[in-house]
Each structure stands twice: as C-alpha cells, then as structure tokens.
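Participant: Structure in structure tokens, see below.
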Amino acid sequence: MNSTPLTKTAIVTAIQALVPPGSPEPENPETIAALQNLTVKLIEAYQADGMLQADPFEEVWTRNIHLYEAEVRDRLAGKTVLVTGGEGCVGQALIQQLVRLGAGKILSVDKARCSTGVEMEGRSRQKFR
C-alpha cells in the first residue's frame, strides 16, 4: 500500500469525482463517509503546510466596522428586517448585530439549512420551513 499522503489537489479532485460541482447533496452513506474521510485529509494537508488557522474566521470576528450607530438604531427601531443566508457565519453575525441595534422583528431565510427555533440574546427567534 502507498503511504504517501495525497496532495491537496488530488484530494479536491477525489471529492469532485464523488460529488461533481452542481450535483445534488449526496445521500449515500458510503459516499458521505468517503467525503468525510477526504475532508479530514484535506484539513490535515492544509495544517501540515501551515495554511490553516485554528479559527479561519478569527480576523472577521474581531474586525471593527464603523457604523453611525445612532442613525442605524433610529432606522431599525420597530422595523422588520429580512436576512437572507441567515444561517451562515456572516448571516448569524448580522442577526446578532440587528438584535443589538434594536430591530423590531428579524426574519431569517436560508435555503441551505433549516433548523428548529433557538433563543438569541434574550429574544425569541422563529424559523419557518
């Protein structure tokens, strides 16, 4: 057996062979297990090259963006805000800011994920299927 680790390119090629770009989400347990194994190998390859941080979004979480908070609060007060992609990293961060800034109601829509309602910063968040 060959113990030489696969290159990142070879791993990505293997992933794309299992699930070509644009194909539906895999449901076959064997395919999912193979994808999980390849994903672990890809992460390990990036870590071995020193190209993967512990938290790849660390810089994003600590970055400050100046807002004219008083004006934004005034515009959001009592308003309903629709957030598309609200289940992703950026969408969730946006929802947290909208809550903090006093939006009256926040609707989150995301075609990629669907989950049950959760509590966020003391306010109820409902998700609709």
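Values quoted throughout were computed directly from the atomic coordinates according to the rules given, and no laboratory measurement underlies them. The shown structure was predicted, so the numbers you read here are calculated from the model rather than taken from an experiment. Don't worry about glycine lacking a Cβ; one is built from the backbone with ideal geometry, like all the others, and counts go over all protein chains shown.
Participant: Percentage of Cα-Cα pair distances in region 8-48 greater than 14 Å, rounded to whole percent?
Facilitator: 47
Participant: Can you list residues from other chains, or at least 5 along the same chain, whose modelled amide H is less than 5 Å from the amide H of residue 108?
Facilitator: Residues meeting the criterion, in which the H sits 1.01 Å from N, are 83.
Participant: Multiply the residue separation of residue 77 and residue 110 by 0.36 nm, subtract the distance between their alpha-carbon atoms, and state the gained length in nm to one decimal.
Facilitator: Additional length available on full extension: 9.5 nm.
Participant: What FRET efficiency comes out for residue 93 versus residue 4 if R0 is 30 angstrom and r is the Cβ-Cβ distance? Round to the nearest 0.05.
Facilitator: 0.15
Participant: If I model a spin label as a point 7 Å beyond the Cα along the Cα-Cβ vector, how far apart are those points for residue 69 and residue 25 in nm?
Facilitator: Roughly 3.8 nm, to one decimal.
Participant: What order do you get for 7-19, 96-108 when each peptide is scored by the mean count of other beta carbon atoms within 10 Å, highest first?
Facilitator: Taking the mean over residues of other Cβ atoms within 10 Å, the ranking is 96-108, 7-19.
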